[in-house]
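Inspection log for the structure reproduced underneath, given as structure tokens.
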2 protein chains.
Amino acid sequence: MSKAKAGSADIVSFTPDMKAGTRELPAHELIYRQLRELILFGEMRPGEAVTIQGVCDSLGAGMTPVREAIRRLTAEGALEFMGNRRVVVPELTVDSVNELIFARQAIEPQLVVRATERMTDEGLEELSTIDAELDAAIAAGDLQSYLKQNYRFHARLYAMAEAPILAAVADGLWLRFGPSLRVVCGRVGTQNLPDQHHEALAAMRAGDAGAAAKAMREDVIQGMEQVRRVLSTQRSD
Amino acid sequence: MSKAKAGSADIVSFTPDMKAGTRELPAHELIYRQLRELILFGEMRPGEAVTIQGVCDSLGAGMTPVREAIRRLTAEGALEFMGNRRVVVPELTVDSVNELIFARQAIEPQLVVRATERMTDEGLEELSTIDAELDAAIAAGDLQSYLKQNYRFHARLYAMAEAPILAAVADGLWLRFGPSLRVVCGRVGTQNLPDQHHEALAAMRAGDAGAAAKAMREDVIQGMEQVRRVLSTQRSD
DNA sequence: CAGGGAATAATTTGATCATATTCTGCCGGC
DNA sequence: GCCGGCAGAATATGATCAAATTATTCCCTG
């Protein structure tokens, strides 16, 4: 059975001590998360082509895990499968934004209602912490941090709703507009961003699920409207 | 910037017959579709374990395409990744059904509204044809055909809405309850299944988007309520 | 004689497979 | 009853083949 496959058989002996602790997550999972973050926080521009071998090089990974990660991201809508075998970061159109507005305002308030019903003191504290960091990012004009904290705020809220399917849907929607958020925010400036998080937090603290849902709905709509506004003034070059 | 060197469908002066006609899809795409159908129409039971090598054997494919297909389906929620590297067809819980009810009744009426606004005569005819086959399947008690035609009806409708994101979300939801539909229908019998498709078709024919949406909403709710009823009486596990 | 278009050649990239390696769960021996 | 080997399955790599895009060159036309 053993082949006379000459060559690369000896590089394998490079095993420091990975056996002990670092072996927690499979490689494709790590690649997936890294790529997801890159996409979500706008480090890959909309329209940019994503090649398998390019990712292999830049992340220093094998081909199979990268393939799986890309496949997974395309299934989630974070990447788009353009015709032949070209994969790109999707560019938002006005139509897409309209769909996203509808879907988000339909789903997310419900998640907030459920999260409010299940809210704990620790949860409130965690959300407040994130929101404080978000405010700090806005004050500092730190776009990168703003995007991350804003996402974290919503993601934590989804998780607290204990509705895995709805949370997955909402999360998937986020992946679709994440890449363009950076472009939009860069154009609008962090100062003018909507932030209904304080209202939502106050309502959740008071246990008023309806008010929390309303605040979140407005946060969503305002944010997405801003995206739509930028997109519709930005003629395709 | 120019979006297309794409297209130009027919520069086939050389390679006359092979290239133009049979568009050979990549293997992983084929595997994905086959697996998706198997899951969607209940040919894999909820709770059943899906092993890579098992799929390799049963579909006679290599390992890499199967891996990608499975990864994609897990990303869509059609398969579930259970802790260890075990992948199973998810079993619906009452909580999941409640989430699905909410999500579907939030999304699908909007798709129907959009489809109605864009409806053409050919579209109406196509939907009527599918619905007739659906009725025939119900009359014949052909569960397999019922499931397929029912899905086709909805899927075609989604496509006509020209809302790719909403359609993708709705399609993803369908994948989550598809496997359990067969179990439920097997228990309830095809006769008692809800069918608001006639009302929806009539409303679409009349161009009454609101009425069409209402009919679809009732179809969705009735169907999912039936699933919930069966699940909540089925305590045996 | 020069410029443009098309066909071909070459490089780049994607798809698939065979194979090695690791991990998990199980079974038998002590 | 516990520990260690064994088998099966999944992860991951590299090689290899096919397809496509790009670039170059040649020929035709103005």
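The values are calculated or read from the model by the stated rules, or taken from the named source; none is laboratory data. In this text, all values refer to a predicted model and were calculated from it rather than measured experimentally. Ideal geometry is used to build each Cβ from the backbone, glycine not excepted, and the neighbour counts take in all protein chains shown. Heads up: the accessible areas ignore ligands, DNA and RNA and are worked out on the full protein's heavy atoms, side chains in. Shrake-Rupley method; radii C 1.70, N 1.55, O 1.52, S 1.80 Å.
Overview of results
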quantity: Positions within the range B:117-132 being open to solvent by less than 10 Å² (accessible area, probe 1.4 Å) and not acidic (Asp, Glu), in sequence order; calculated: B:123, B:127, B:130
quantity: Positions within the range A:60-86 being more than 10 Å from DNA strand D (Cβ to nearest atom) and at pLDDT below 90, in sequence order; calculated: A:81
quantity: Only listed residue being assigned to a loop (DSSP other than H, G, I, E, B), more than 13 Å from DNA strand D (Cβ to nearest atom) and closer than 21 Å to residue B:145 by Cα, chosen from B:45, B:33; calculated: B:45
quantity: Candidates B:200, B:167, filtered to the one that is part of a helix (DSSP H, G or I), at pLDDT 95 or above and under 15 Å from residue B:112 (Cα atoms); calculated: B:167
quantity: Criterion: outside any helix (DSSP H, G or I), open to solvent by 10 Å² or more (accessible area, probe 1.4 Å), more than 14 Å from residue B:157 (Cβ to Cβ) and not hydrophobic (A, V, I, L, M, F, W, C) - qualifying residue of B:207, B:186; calculated: B:207
quantity: Complete set of residues in the range A:115-125 that are over 10 Å from residue A:157 (Cβ atoms) and assigned to a helix (DSSP H, G or I); calculated: A:117, A:121, A:122, A:124, A:125
quantity: Cβ pairs under 7 Å, 6+ apart, first in the range A:59-88 and open to solvent by 20 Å² or more (accessible area, probe 1.4 Å), second within 13 Å of DNA strand D (Cβ to nearest atom) and among the acidic types (Asp, Glu); calculated: A:67/B:68; A:71/B:68
quantity: From the options B:187, B:205, residue that is modelled with pLDDT of 90 or more and farther than 15 Å from residue B:93 by Cα; calculated: B:205
quantity: Hits in the range B:133-173 - residues which are open to solvent by 10 Å² or more (accessible area, probe 1.4 Å), within 12 Å of chain A (Cβ to nearest Cβ) and touching a Phe, Trp or Tyr at 6+ places or on another chain (Cβ under 7 Å); calculated: B:167, B:171
quantity: Breaking point among (1) more than 10 Å from chain A (Cβ to nearest Cβ); (2) away from DNA strand C (no atom under 12 Å from the Cβ), for residue B:107; calculated: (1)
quantity: Any hit, the range A:175-182, residues being surrounded by fewer than 15 Cβ atoms within 10 Å (Cβ to Cβ), away from chain B (no Cβ under 14 Å) and within 22 Å of residue A:41 (Cα to Cα); calculated: no
